[in-house]
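Just below is one structure, and these are the notes that go with it.
The values are calculated or read from the model by the stated rules, or taken from the named source; none is laboratory data. This structure is a prediction, so every number in the text was calculated from the model and none was measured. All Cβ positions, glycine included, derive from the backbone under ideal geometry; neighbour counts span all protein chains shown. Ligands, DNA and RNA are stripped out before the accessible areas are found, and what is left, the full protein with its side chains, is counted by its heavy atoms. Shrake-Rupley method; radii C 1.70, N 1.55, O 1.52, S 1.80 Å.
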Amino acid sequence: VGSLFRGISFSTGWIVRRTMKMIKYNDTYIIGIDHGYGNLKTANTVTASGVKVHDIEPPFKKELLEFDGKFICIGENHKSFTADKTKDMDNYYLTLYGIAKELSLAGITEANVHLAVGLPPMWYSEQRDRFSEYMLQNENVEFVYNGKQYSVHIEGVSVYPQGYCAVYDRLKDMNGVNMIADIGNGTMNIMKVIDHKVITDSCR
């Protein structure tokens, strides 16, 4: 949410979208991806998180990912809720799609990438390592997005508690009792902050 609103400017009552530049550290681009059940979010894009996999090329090719011999249509619907985001390949396909969206906006087809992803706070400790391994299942990956070939070296991944990232730099201002609500498409994560500290047992 923070990334989304930092990419919007307000002028004379209209909302004008600004494209945010990718963060680059040395020769590596840092790409943040929010794997929501309703929508996949990157710094510059929001797409419905539905995934449909075909063994043969479909007739309609908009938002089409080609990977590992499969044709993957993205965004035609929303993903069903599942407590384990590594249960199937959908979130991996969505990750490749998110990378492609950001690289395509920057006019780049080859890149070293470090991923920044999130998990709900109450699942973070249990699933963090598994989610990281899931994201790193292919260190070097090639795929086609909307007819264009991409070659990506995934150098690493950082997994963060969702919601916390939006406020970590504001904790110093959170005196007393504060409630953080991350409202998604059918789900909501709640976290309590008391006098600048997150109360772990409050995460729901």
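Only one residue in Tyr97, Tyr160 is among the aromatic types (Phe, Trp, Tyr), under 19 Å from Ser49 (Cα atoms) and out of contact with any Pro (no Cβ under 7 Å at 6 or more places or on another chain), so which one is that?
On the way: Tyr160 fails: under 19 Å from Ser49 (Cα atoms).
Of Tyr97, Tyr160, the one residue that is among the aromatic types (Phe, Trp, Tyr), under 19 Å from Ser49 (Cα atoms) and out of contact with any Pro (no Cβ under 7 Å at 6 or more places or on another chain) is Tyr97.
The requirement of being under 19 Å from Gly118 (Cα atoms), at pLDDT below 90 and part of a strand (DSSP E or B) is satisfied by Asn189. Quick check on the range 176-184. Is at least one of its residues open to solvent by 50 Å² or more (accessible area, probe 1.4 Å), of a type outside the set (A, V, I, L, M) and over 19 Å from the mean Cα position of the chain (by Cα)? Among the residues of the range 176-184, not one is open to solvent by 50 Å² or more (accessible area, probe 1.4 Å), of a type outside the set (A, V, I, L, M) and over 19 Å from the mean Cα position of the chain (by Cα), which makes the answer no.
Considering each residue of the range 144-174, count those that are free of Cβ contacts under 8 Å to residues at least 60 places away in the same chain, among the polar types (S, T, N, Q) and either open to solvent by less than 60 Å² (accessible area, probe 1.4 Å) or in contact with an Asp or Glu (Cβ under 6 Å, 6 or more places away or on another chain) (or both), and give that number. Give the steps one after another, and end with the answer.
Step one: of the range 144-174, the residues free of Cβ contacts under 8 Å to residues at least 60 places away in the same chain are 148-154, 156-161, 163-164, 167-174.
Remaining after also requiring among the polar types (S, T, N, Q): 149, 151, 158.
Next, only the ones that are either open to solvent by less than 60 Å² (accessible area, probe 1.4 Å) or in contact with an Asp or Glu (Cβ under 6 Å, 6 or more places away or on another chain) (or both) stay: 151, 158.
Residues that pass the stated criteria total 2.
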